[in-house]
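What follows is a set of notes on a single structure, which appears directly below.
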Amino acid sequence: MPMRQHAELALPGALIGVVAGAVAGGLTLLAGQPAGLAATSAVTLALPLGLLGGGYGILMGRGLFKPGLFAPAGLYWLAGFPLSRLLQETVTGLASFGRVTLSGGLPGFLAYQAMVSLGFAIGFVWLHERLMPPWLMRLRERNPQARELLAAYVEHAEALWLAKERRRARKGAR
């Protein structure tokens, strides 16, 4: 597949990751930290989250992740989010203070980030499943993987609709 088609599938997830990292940097600024520290913090989290978010879209295009399934995405972010945070803390600490200090040491830090990652994964998947289908509708004419992925989204939406209609019919029969 041409690089352009991969990049097109990666864009929604990459944007979500970059915005999430930038928001974290903004929160650092709101917490009263210096602007340089907030900027470093934002960039060092936005880059890995953007790359991982883009990778998520590419993996969806390859059929490794399916619309409506959380478990694979949860596992993806269970690994990716703590590593992103570790990179952020390491680079920001070295650039700003000349040392790295991890709260709870490395095992404690990674364990805490793993717990937080599931919340991040829920938000990421929620946003991704709202941004991706309209984006795929724009790409479907020129990108065959986008067309296939859009078909998977449509199939999932139809299955949800049919299940809802069955519940309504059962409720109406009572």
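Among the residues of the range 2-19, those identified as among the small types (Gly, Ala, Ser) and over 9 Å from the mean Cα position of the chain (by Cα) are ALA7, ALA10. Checked against (1) out of contact with any Leu (no Cβ under 7 Å at 6 or more places or on another chain); (2) part of a helix (DSSP H, G or I); (3) in contact (Cβ under 8 Å) with a residue 24 or more places away in the chain, MET115 meets all criteria but (3). If I ask for residues that are closer than 21 Å to VAL18 by Cβ, of a type in the set (A, V, I, L, M, F, W, C) and crowded, with 17+ Cβ neighbours inside 10 Å, which ones from the range 84-117 would you list? Correct list: LEU86, VAL91. Just a yes or no: is a residue in the range 57-80 out of contact with any helix residue (DSSP H, G or I) (no Cβ under 7 Å at 6 or more places or on another chain), farther than 24 Å from GLU148 by Cβ and modelled with pLDDT of 95 or more? Yes, the range 57-80 contains at least one residue that is out of contact with any helix residue (DSSP H, G or I) (no Cβ under 7 Å at 6 or more places or on another chain), farther than 24 Å from GLU148 by Cβ and modelled with pLDDT of 95 or more. I'd like to verify a number: residues in the range 46-103 that are within 17 Å of the chain's Cα centre (by Cα) and charged (D, E, K, R), how many? Matching residues across the range 46-103 total 3. The residues listed here are ALA79, ALA42, ALA22, ALA38; of these, the one that is closer than 25 Å to HIS6 by Cα and buried (at least 16 other Cβ atoms within 10 Å of the Cβ) is ALA22. Out of LEU131, LEU149, LEU127, one residue alone is of a type in the set (A, V, I, L, M, F, W, C), crowded, with 17+ Cβ neighbours inside 10 Å, within 15 Å of the chain's Cα centre (by Cα) and part of a helix (DSSP H, G or I). It is LEU127.
The values are calculated or read from the model by the stated rules, or taken from the named source; none is laboratory data. Because the structure is a prediction, the values reported are computed rather than measured. A quick note on method: Cβ atoms are made from the backbone with ideal geometry, for glycine too, and the neighbour counts reach across all protein chains shown.
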